[in-house]
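Contents: one structure, followed by commentary.
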Amino acid sequence: MKPLLKQLTPFITVGIILVTLFFGMMLLVYLCLIGAILGLILFIGRSIQRKFFSTRKKPAQSARTGRIIDSNDWKKL
């Protein structure tokens, strides 16, 4: 019985590792798929919200006052 168990142990170990890897890959694929679907739903919802419910208007740009320094001297530092 012991020699048979010694011969089967590597096969059982490799089988468990393969099943674990396969299950992990399936789980990763499902997580990515669910994330992509959720992201798409949020993107479509935000697009519809921007298109139909955008009531905020951009403020008019006022003339800027202040000093303008037009020089590249700071790049030499």
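Read the figures in this text as sums done on the coordinates, not as results from a lab. The structure presented is a predicted model; accordingly, all values stated were derived computationally and were not measured. Glycine also receives a Cβ, built like all others from the backbone with ideal geometry; neighbour counts cover every protein chain displayed.
For this structure, a couple of remarks:
- Farthest toward positive dipole pole in the chain [+1 Lys/Arg, -1 Asp/Glu at C-beta], among SER62, PHE11, SER47: SER62
- Rounded to the nearest 20 debye, dipole of the chain from Cβ charges on Lys, Arg, Asp, Glu: 500
- Residue exposure sequence - ILE68, ILE44 - by fewest surrounding Cβ within 10 Å: ILE68, ILE44
- Compared with the dominant principal axis of the Cα atoms in the chain, helix 2-52 is inclined by about 20°.
- Between ILE48 and SER71, the modelled labels are 5.7 nm apart [label points 7 Å from Cα along Cα→Cβ].
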